[in-house]
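This report concerns only the one structure given below.
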Amino acid sequence: MFSVIRPNTTTEQIGRRLAALGVALLALAACSSTSSEASDGGPQAPLPTIGLGSDIGQLSGGADVRAVDAAAVDSIVMIGDSITVGATPALEEQFAQLGFTDVTIVAQQDKRIDETFGNNSSGTDIATFLANDLEGDPKEHLWIVALGTNDISQYDDVEDIVAVVETLLEPIPADAPVIWVNTYFEDRPNDTAEVNAAIEQVIAARGNATIGPWNAYAPADGVLRGDGVHPNSDGAVVFASVVTSTVANFLQS
């Protein structure tokens, strides 16, 4: 079952909706950007290949990959920003290829890891609501976090970002598997590297967790719009493939 929670939904309203609907819902917001989308309309350069023999797993035969998993992961919970919003159709399709039908995606433009502003709930607030709503063994629920792009250049150093990342992960049960999709911002390489370093540090320390390497594929020709941040239509498929290939590889390990 999929349901839509609109972008102006408050954290309190999200909590009520989650309690009413259960975990199988889709929350997303319309993706908008002031950047040029001219790259969506013209010929696209070849996309990076994410498949058999790649560094992050495979999508072909996804259902078979899912069946190999001995640890019974039954559902996926994903929290993201506008990049996730734009990739949601591709994510739905590719998660289905992996054999997952119980998928919760909560994504909204400009979403921050641990900062709530207006009606845009922080990732931490969303994680808290979702964690309180989930039932059963925490190991049955795979968490995917695709946040951090809107936190680039917002903190003084890596340690400040580490504290923010840890705050979001705190409500997620320690036994739950976690994937954090890292960030890419073409015009801010140093600040992007700091955010990614903080994510990697926390994920490595947590255990039963891994990184989705978006930064390895985002720079390829034909993936991003002119702003150097948001994927174009083909890039949204690439982003989804990074996520789902990481899932397939993670569940096999």
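Values quoted throughout were computed directly from the atomic coordinates according to the rules given, and no laboratory measurement underlies them. Quick caveat: nothing in here was measured; it's all calculated off a predicted structure. Cβ atoms come from the backbone with ideal geometry, glycine included; neighbour counts cover every protein chain shown.
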- Query: Amide H to amide H under 5 Å from ILE144: which residues, 5+ apart in sequence or cross-chain, H placed 1.01 Å off N in plane?
  - Reply: VAL77, MET78, ILE79, ILE179
- Where GluC sites (Glu not before Pro) fall in DSSP loop in segment 90-159, at most 10 other Cβ within 10 Å: GLU135
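If you average 1/r over every pair of different alpha-carbon atoms in segment 129-196 and take one over that average, what Kirkwood value in Å do you get?
Numbers: mean 1/r = 0.0755 Å⁻¹.
Taking every pair of different Cα atoms in segment 129-196, averaging 1/r and inverting gives 13.3 Å.
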- For GLY228, list long-range residues whose amide hydrogen, built 1.01 Å from N in the peptide plane, is under 5 Å from its own amide hydrogen. none
- Simple spin-label estimate for ASP160 and ASN208 in nanometres, 7 Å along Cα-Cβ: 3.3
- Work out how much length GLU135 to ALA174 would gain on full extension: take 0.36 nm times their residue separation and subtract the Cα-Cα distance, in nm to one decimal. 12.6 nm
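If the chain between ALA96 and GLN252 were fully stretched, how many nm would it gain, using 0.36 nm times the residue separation less the Cα-Cα distance? Walk me through the numbers on the way to the answer.
Numbers: separation 156, 0.36 × 156 = 56.16 nm, distance 1.72 nm.
Net length gain for the segment: 54.4 nm.
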